[in-house]
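Quick note: the coordinates plus some simple rules give every number you see, no bench work behind them. For clarity, every value in this text was computed on a predicted model and none was experimentally measured. Ideal geometry is used to build each Cβ from the backbone, glycine not excepted, and the neighbour counts take in all protein chains shown.
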Amino acid sequence: MKLAILSRSPDCYSTARLTEAARNRGHDAEVLDTFKCAIDLERGAPDLYYRRKQIEDFDAVLPRIGASITYYGTAVVRQFQEMDVFCANTAHGINNSRDKLRSLQLLSRHHIGIPRTTFVHSKRDVLPAIERVGGAPVVIKLIEGTQGIGVLLAETVKQAEAIIELLQSQKQNVLIQKFVAESKGRDIRAFVVGDRVVAAMRRVAQGQEFRSNVHRGGIAERVELPPEYVETAVRATQIMGLQVAGVDMLESNSGPQIMEVNSSPGLEGIETCTGLDVAGAVIEYIAAQVDFPEIDVRQRLTVSKGYGVSEIYIPEGSKFVGKTIRGTQLYEHDINVLTLYRGAKVIPNPKPERVLEPNDKLLCFGKLEAMRGMIPVKTRRRRRPEISDLPADAVPAGTAEVSD
Ligand SMILES: Nc1ncnc2c1ncn2[C@@H]1O[C@H](COP(=O)(O)OP(=O)(O)O)[C@@H](O)[C@H]1O
Ligand SMILES: [Mg+2]
């Protein structure tokens, strides 16, 4: 295969290792400086130039887009996608991962552990938000920080309010997040390729530091991940729309909790710590995908008028409960069930004989008109927090005397 590695630094460890791994496997690999790619648009002919020469014959692209050039970088990746070149991570996936709020919003509806997080704008909402995530100490995060910069621990509610006020006055968007104290300054980095974790490490913060980032002095050790951590990392990667990712998780009392999913994960730390050939795993995955690429369904479906993907929720008492999928007559209405969601379980291509249970969700492809009639009025979920979830000294929302 002829592989383009999109990177601004051909000599950095990760890019150099990926290039070497590709060439060692007999592939033709070239590092393209993302900023030297020029995008041309014309009816029916999306085009790319590299150093004023037309780009034509790449089979695959491996984007290594730094956080500081997300906009230009994802534009170039999107152009390759439009030219039908296989991209190991799509522009959509990279954009999702760059925004910590967007990532958690996407993950939050799935049964994936995340630290309880809030995002507020109004000054009045700050105090209740801190209480909702468990009170002080509390973590405050910039939405687009990396390497631990922009992640703070406020010891008291007063400190937290002051920090948030200061950041907001500088037009920064901040997340307020539960401090997962039991993780004790440690976190897990799982390197996901396709539907596998190919390497994993635990990073341990040093001294008084609670952030375990290697850039903050964190020390890495090799770990064998329990299946729950592997599954969480792989599912999070898929939900973000990524295929190559570094998933950061805290080890909480209730299992793995995802902090972020990185779309250009570094190789140096993890290869050094584990002794594994992570670069090789990435290249072999891409080579296999090139022959049989997955398609971004959302993009392609818009062309079949009147058809689309929708979710059918089956509430308690629905006439579908206790019926088999075939028995629901969905097929007769030109509706195909792609996936069945049952609690934390995901069942792809469920068999027609499978019996439906209350609270199942069916992801379906079919005639939108027909599906519209199937979707029951939304039943509201239990609202949180219940009074009993709040700490004893919590101030009920709305009583804080703070003005905008
Ligand atoms: N909610 C939290 N509870 C405990 N520790 C946290 C929490 N959020 C972040 N950390 C620590 O701070 C580090 C950096 O946070 P992260 O969200 O990954 O930001 P960055 O993108 O800067 O790496 C994490 O690796 C972890 O050690
Ligand atoms: Mg991180």
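What FRET efficiency comes out for the pair Lys158/Cys12, r = Cβ-Cβ distance, R0 = 51 Å, nearest 0.05? Write out the running numbers ahead of the final one.
Details: r = 42 Å, r/R0 = 0.83.
FRET efficiency, Lys158 to Cys12: 0.75.
With a/c under 1.5 counting as rounded, go ahead and sort the stretch 117-179 into rounded, prolate or oblate using the C-alpha gyration tensor (a ≥ b ≥ c being the square roots of the eigenvalues; past the cut-off, prolate if a/b is larger than b/c, else oblate). Write down the numbers at each step before the final one.
On the way: a/c = 1.55, a/b = 1.18, b/c = 1.31.
Note, shape of the stretch 117-179 comes out oblate.
Given the Cα-Cα distance of Glu42 and Lys323 and 0.36 nm per residue of separation, how much length would full extension add, in nm?
96.0 nm
With the cut-off at 19 Å, report for the stretch 2-93 the share of all Cα pairs above it, as a whole percent.
On the way: 1465 of 4186 pairs.
Cα-Cα pairs in the stretch 2-93 separated by more than 19 Å: 35 percent.
Using the Karplus curve 6.51 cos²θ - 1.76 cosθ + 1.60 with θ = phi - 60°, what ³J(HN,Hα) values do you get for each residue of the stretch 20-34, in whole Hz, with x for Gly and Pro?
For the stretch 20-34, the Karplus-derived couplings read 4, 4, 5, 5, 4, 9, x, 8, 9, 10, 9, 8, 9, 6, 3 Hz, x marking Gly and Pro.
How much length is gained if the chain between Val346 and Leu368 is pulled fully straight, taking 0.36 nm per residue apart and subtracting their Cα-Cα distance, in nm to one decimal? It would help to have the intermediate numbers written out before the result.
Details: separation 22, 0.36 × 22 = 7.92 nm, distance 2.28 nm.
Stretched fully, the Val346-Leu368 segment lengthens by 5.6 nm.
List the residues of the stretch 124-153 whose backbone N lies under 16 Å from a point placed 7 Å from the Cα of Glu165 along the Cα-to-Cβ direction.
Those under the cut-off are 124-130.
Arrange Ser97, Ser310, Ser254, Ser14 by Cβ neighbour counts within 10 Å, fewest through most, would you? Walk me through the numbers before you get to the answer.
Working: Ser97 28, Ser310 16, Ser254 8, Ser14 22.
Lowest to highest Cβ neighbour count: Ser254, Ser310, Ser14, Ser97.
Net charge near Phe35: determine it from the other residues with C-beta under 14 Å of the C-beta of Phe35, scoring Lys and Arg +1 and Asp and Glu -1.
Values: positive: Arg8, Lys36, Arg51, Arg52, Arg64; negative: Asp33.
Spelling it out: positives minus negatives among the neighbours equals +4.
Give me the percent relative contact order of the chain, please, defined on Cα pairs under 8 angstrom at least 6 residues apart. Display every interim value, and only then the final one.
Working: 748 pairs, mean separation 57.6, N = 404.
Once normalised by length, the contact order is 14 percent.
So for the chain, what percent of the C-alpha to C-alpha distances run longer than 32 Å? Let's see the in-between values first.
On the way: 37164 of 81406 pairs.
It works out to 46 percent of all Cα pairs.
Mind checking the full-extension length gain between Glu56 and Leu101? Use 0.36 nm per residue of separation minus the Cα-Cα distance, one decimal, nm. The partial results should precede the final answer.
Values: separation 45, 0.36 × 45 = 16.20 nm, distance 3.68 nm.
Taking Glu56 through Leu101 to full extension adds about 12.5 nm, to one decimal.
Starting from the Cα of Glu228, move 7 Å in the Cα-to-Cβ direction to define the label point; list residues of the stretch 165-183 whose amide nitrogen is under 15 Å from there.
Those under the cut-off are 182-183.
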